[in-house]
Amino acid sequence: MEDARVKVRGIYATALTQRLATAGIRITMPSEPIADRFDIQFSDAVPTVVIEDTADEEGLLVSGEAEHVEAVLGEVRSIHEQLWTWQAATPPGSLFAGRVEETSEHGATVSLGGEREAFLPFGRSDEYVTPGDDLVVQVHDPLPPWDPDRRPVVSTYLTVEGTTATIGESIDRAESEYDRYLQLFEVDLPEDWGITWHAAVDELPLASVAEELTQLDRRARALLTARDRAQSLQSVPESVHETLVASWCWFGRSARFALDELRAEAVVTVPGHHRVKAGSNAGSTAVDFVEALGYGDTPFDIEAVLTTFGPTVGDRVRIEHGKPTGRTVVLGTGEVTARSAGGEVTIDRELTSSGTYDGLGTKRESGDIARSTFVEGRWWYPTVYRSSSGDVKGTYVNVGTPIEIFPDRVRYLDLHVDVIKRPEGDVRIIDRDELSTAVDENQIPSDVASRARQVAASIEAAL
């Protein structure tokens, strides 16, 4: 098997380059800062794996040729136990025979089979779309499983994206730079397909450009063949064709600090580098400035981070409750009512629905207040439920991975086991079986599960 060639971009690029290069994996097409930071031999060859940040910078998308993606993921997973990976259900560029479920003002919801759904903007469809229509769509903008929407954006137009160029049906050949470079190579793209060249093309050897053009053309023709086959399928919806495989990586707080240590082996890095950069654009700029001054040994100060970038009292913050399966449940959005030294933030939510509180079994009524207290880095947080008149309806202590408090959200990954205290004073641990099942199904590492059980036992004793 040919060795993997990896292109890395984003705020984690230096740390990942350090880990992968040390493991003997070739890094190709580095950015200028990466090339300056490492005294290693980089490649100009077309990558077989691409690593890039997710839009929220909470993790990564790793995509490429199957055997190479798995090899790279193995190295990424070894960075820290609190780094979760999930295979992408809708890899970028993949093709599906879908069915339109419903339409809205701007587009259509398309079922892709199983629990997979996608959003088709009307501007990305070559035909009028109505509920019940069967059509073949391609994934253009995948979303990580922890995104609250989780629906990738699809199109009926086929596109193949590479490092040097993007080719596709939606690119007007008459207006594209079709003849540039193509006249140098024996590559003739599918009929009516145009091409858009990327800036990187001018920095690469012609041999690399020629190699990728051949690959893009081959992938395009495979897509066309798969679409022709899909249009005659009797079973819809279902997956039709995957050009590449992809996996999502989600970093727990501790994993982000492990990445700091890797980065520090190559360049000046303040503790909390990746934690602050992932929190906000302003934080990212501030970190760059401090490191440019050479202050790599500045201790991480969560109080300074929260004071500078937020949230502060009065701000609205959502609570992102991650699941070991990759899905995220937004428990709600509340108001910051208090903040104290050491990274403690209190968030109040007024509840509008009725029923009963999970685990507690007490009555839930509209107007109840849920008060949650979060401490950055802690493996747990309590929520006290009160009626509108102030009567306590119970306390629910959620156990999860170390908490991160960003300006607009609190995030963690739920570890199933929790502790409850009923209004009468009864205290008990719940959901032990769910945690054991998650370990058996390799969703949660055994060491992390052991820590969760210890935390739950300590909270039970304290309550």
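The label point for ALA282 and the one for ALA23, both projected 7 Å from the Cα toward the Cβ, are 3.7 nm apart. When you restrict to C-alpha pairs under 8 Å that are six or more residues apart and normalise by the size of the range 95-243, the relative contact order lands at 26 percent.
A cut-off of 5 Å between modelled amide H atoms, ignoring neighbours fewer than 5 places along the same chain, links ARG364 with GLY355, THR356, TYR357. Taking only the alpha carbons of the range 316-462, we obtain Rg and Dmax values of 15.0, 45 Å in that order. Considering only VAL240, PRO402, GLY322, the residue lying farthest towards the positive end of the dipole of the chain is PRO402, judged by Cα position with unit charges set on Cβ. Excluding same-chain neighbours fewer than eight residues apart, the lysines reachable from LYS421 by a Cα-Cα span under 26 Å are LYS323, LYS363, LYS393.
The C-alpha atoms of the chain define a longest principal axis, and helix 253-264 lies at about 50 degrees to it. Over the range 120-178, the hull volume per residue, using the convex hull of the C-alpha atoms, is 113 Å³.
Each residue, LYS323 and THR346, gets one label point 7 Å from its Cα in the Cβ direction; the gap between the two is 3.2 nm. The GluC sites (Glu not before Pro) of the range 372-447 that DSSP puts in a loop, and whose beta carbon has at most 16 other beta carbons within 10 Å, are GLU424, GLU441.
Qualifying GluC sites (Glu not before Pro) in the range 137-243, where qualification requires a DSSP coil assignment and no more than 16 other C-beta atoms within 10 Å, comprise GLU175, GLU177, GLU186, GLU191. Compactness of the chain is given as radius of gyration and Dmax, 24.7, 80 Å, from Cα positions. What you get for the chain, charging only the Cβ of Lys and Arg (+1) and of Asp and Glu (-1), is a dipole of about 1680 debye around the Cα centre. Calculated mean residue ellipticity, 222 nm, the chain: -8000 deg cm²/dmol, from DSSP H runs (n ≥ 4) at -39500 (n - 2.57) each, averaged per residue and rounded to 500. For the chain, find the longest principal axis of its Cα atoms and tell me its angle to the long axis of helix 281-292, 0 to 90°, nearest 10. In the chain, helix 281-292 runs at an angle near 80 degrees to the longest axis. Derived from the Cα gyration tensor, the three semi-axes of the equivalent ellipsoid of the range 95-243 are 30, 16, 14 Å, largest first.
The numbers here are math on the coordinates, done by the rules we state, and not lab data. If you're wondering where the values come from, they're calculated on a predicted model, not measured in any experiment. Neighbour counts run over all protein chains shown; Cβ positions are idealised from the backbone, glycine included.
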